[in-house]
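Here the structure comes first, spelled out in structure tokens, and everything after it is commentary.
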Amino acid sequence: MLRFTATAEDLLRSRFALSPAFELCGLLRRLGGRDAVLPAGWGVRLAPGFTRLRGETSLDAVLALQSSRAGVNFVAPPPRGLTQNWADDLAAIRATPLAVARAEIDAVLREQPVRDPRIRELLESDQVVDAVADALDRAWHELLAPDWPQLRAVCERDIVHRVGVIGERGWKEAIEGLEGALVWQGQHLSVPVRAAHGDVSLAGEGLLLVPSVLVWPAVAVFHEEPWPKALIYRARGTSVLWERAAPDPDALTALAGLLGASRARLLVELGVPASTSQLAHSLAMAPGAVGDHLAVLRTTGLLVRARSGRSVLYRRTALGDALVAGAAPAGPSVASGRGDPVAPVRR
């Protein structure tokens with residue numbers, strides 16, 4: 001059991017953040033068979049590029065640094081805030097002191113020795129940080145960057161929800177609502193992890209709360225020096241993202257007869273929250289036209305919007321959900337929320 005000790009000052013400094021690098025590492029773990037598999041559509045689409053990158057880059061060295069229970073922290077350093085992007089993460093990875101990287105690599109290799117002499121030679125070299133950063137950069141641009149707007153939208157919507165819980169019911173309920181096994185009692189936040197024990201003071205710096213689509217099984221933590229303390233948890237709406245299917249043509253036709261074709265497409269698309277620019281990109285529509293249609297759908301009570309950082313996200317209301325569901329043919333219901341509960345691990 002790991003316990004974070006927090007003071008009132010820590011609560012004042014605690015904040016939400018986004019981590020493209022952590023999502024990338026989660027994707028690589030799944031593609032490499034370390035964690036749960038990806039949904040079939042994602043796996044089939046990404047597997048060829050993943051296989052090619054393993055032959056063209058040092059990606060196998062990155063995979064070797066992900067043990068069955070944990071992994072090195074420097075490949076996905078804790079983010080700074082809601083505006084974090086891949087360029088920020090890559091710069092932080094490249095800035096990792098060799099001594100820090102070496103200590104983390106050695107800890108993983110003691111638990112999980114590498115037999116391939118080429119990989120072992122690279123992991124023991126002074127160029128390991130740059131080689132790992134180069135491989136991650138290729139993987140980001142070729143595997144995850146096209147899907148990052150969708151994943152980011154899910155995480156931003158989660159943050160909007162959590163901030164609302166904090167305002168209505170306080171930090172305790174907001175934190176414990178991240179994952180059922182978390183317990184906040186007094187000044188202590190208990191996080192059940194298999195490979196870490198003891199008390200960790202937040203030292204007046206607060207706790208980073210990072211929603212994730214690809215964390216597995218439930219939560220991960222940064223608790224060791226020199227990294228900021230962070231808790232990564234599964235974002236609400238992850239299951240909806242994984243299980244989304246192409247919109248049924250008959251459902252779209254029925255909605256189009258009521259709303260118009262463009263507004264029907266937007267309403268169906270907003271089963272997952274998104275910004276105007278994200279919708280314009282995914283539906284190949286002009287941003288101005290998207291904005292006009294969103295305003296109409298919002299006025300009629302089918303959508304709401306909320307700000308998260310620099311983004312304004314739109315999502316369907318209960319009325320919008322009911323309208324889309326009523327237009328679709330009967331079939332199995334789509335799961336919502338964080339997905340099936342599973343036991344937590346640490347990074």
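Against the longest principal axis of the chain, how steep is helix 98-111, in degrees 0 to 90 to the nearest 10, with axes from Cα atoms?
The helix 98-111 is inclined about 90 degrees to the chain.
Using a Gaussian network model of the chain with C-alpha springs under 10 Å, which one of ARG34, ARG157, ARG45 is most mobile by mean-square fluctuation?
The residue that fluctuates most here is ARG45.
Could you point to the label whose value was computed as Rg and Dmax of the Cα atoms in Å for the structure here, given (i) 21.2, 64; (ii) 18.5, 59; (iii) 22.6, 78?
Correct label is (i).
Within 10 Å of each candidate Cβ there may be at most 16 other Cβ atoms; applying that plus a DSSP loop requirement, which trypsin sites (Lys or Arg not before Pro) in region 102-138 survive?
Here the sparse-neighbourhood loop sites are ARG115.
For the chain, what does the helix formula give at 222 nm: sum of -39500 (n - 2.57) over DSSP H segments with n ≥ 4, over the residue count, nearest 500 deg cm²/dmol?
Rounded to the nearest 500, it is -14500 deg cm²/dmol.
Counting Lys and Arg as +1 and Asp and Glu as -1, what is the net charge of the other residues whose Cβ lies under 11 Å from the Cβ of ARG13?
After counting each charged neighbour, the total is -1.
Once both labels are modelled 7 Å past Cα along the beta-carbon direction, what's the SER262-HIS281 spacing in nm?
2.0
Using the count of nearby Cβ atoms within 10 Å as a rough guide to exposure, how do SER277, SER212 rank from fewest to most?
SER277, SER212
In the Gaussian network model of the chain, springs joining C-alpha atoms below 10 Å, which of LEU178, LEU252, LEU12 carries the largest mean-square fluctuation?
LEU12
What relative contact order, as a whole-number percentage, does region 2-238 give when Cα pairs under 8 Å and 6 or more residues apart are counted?
The normalised contact order for region 2-238 reaches 36 percent.
Values in this text are rule-based calculations from the coordinates and carry no lab data. Given the structure is predicted, the values throughout are model-derived calculations rather than measurements. Here the Cβ is made from the backbone with ideal geometry for all residues, glycine too, and neighbour counts use every protein chain on show.
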